[in-house]
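Just below is one structure, and these are the notes that go with it.
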Amino acid sequence: MLRLRTLFLTVFVCLVAPVSASAEVFLSTSNYSGDEATAGLEGLMGLENRVLNSLSDEHLGLLSPRSSIRAMPRPRTFAKVNYSRKWIDAQPEIAGDAEWRCLSEALYFEARGESVKGQFAVAEVILNRVKSPLYPNSVCGVINQGTGKKYQCQFTYTCDGNPENIREPKAFERVGKVARLMLEGAPKVLTAGATHYHTVAVRPSWSRKFARTASIGVHHFYRHPSS
């Protein structure tokens, strides 16, 4: 797996680098522990995701002439996003893939009581983490990071020991629409690149180290300085 990804990135450099430039990508795990190797792979996958998202359709065609290998779809154009319940309720009901389901569930358990604007803001944080080299490069990977260790996960609902039951279908339908719009490329303009948030009722230790970027509803938002 590692060799294939290294080969892919090397091929990418050869295809898109200027003729006068040269670059090489190396990844060695011979001295890594299992955890270090996993972290190295996640970092490489994050790099791959960001590289692919920067490519033109022409370059993507060179890499994969029959199908897209982009980790996330190219965003569509949004004329307007209105952060109101009336507007979001008027959007067509949708479903989606595993990434959509993960994001929808996170918004449901983390922010269903928030305003629509607050739900978009929480979705921004999750997608900002997907793009950051500090975190896994998929929505489900970000949300489930640390899951399995009680109260040591990134999103409490995944490791608090309580069943994750959807008891409010209308609320889930609403956050599902928010999730789909964000995955399709709705603008992330609410939190200035935030990677963390917490409710106003608590003050975690990390909040004293990171710069606050926004306050929306019952949440404060922060950006990790290295993201």
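The values are calculated or read from the model by the stated rules, or taken from the named source; none is laboratory data. Just so you know, these numbers come straight off a predicted model, no measurement behind them. Here the Cβ positions follow ideal geometry from the backbone for every residue, glycine too, while neighbour counts run over all protein chains shown. Accessible surface areas use protein heavy atoms only, side chains included; no ligands, DNA or RNA. Shrake-Rupley method; radii C 1.70, N 1.55, O 1.52, S 1.80 Å.
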* Kindly indicate whether any position in the stretch 116-135 is open to solvent by less than 30 Å² (accessible area, probe 1.4 Å), in contact with a helix residue (DSSP H, G or I) (Cβ under 8 Å, 6 or more places away or on another chain), under 21 Å from ALA98 (Cα atoms) and acidic (Asp, Glu). => yes
* To do: May I ask you to list pairs of residues, at least six apart or on different chains, whose Cβ atoms are under 7 Å apart, with the first in the stretch 207-227 being over 22 Å from LYS117 (Cα atoms) and the second being buried (at least 18 other Cβ atoms within 10 Å of the Cβ) and β-branched (Val, Ile, Thr)?
  => SER227/THR195
* Asked: If we keep just the residues of the stretch 84-110 that are of a type in the set (Gly, Ala, Ser) and surrounded by 24 or more Cβ atoms within 10 Å (Cβ to Cβ), which is nearest to ASN162 (Cα to Cα)?
  -> ALA106
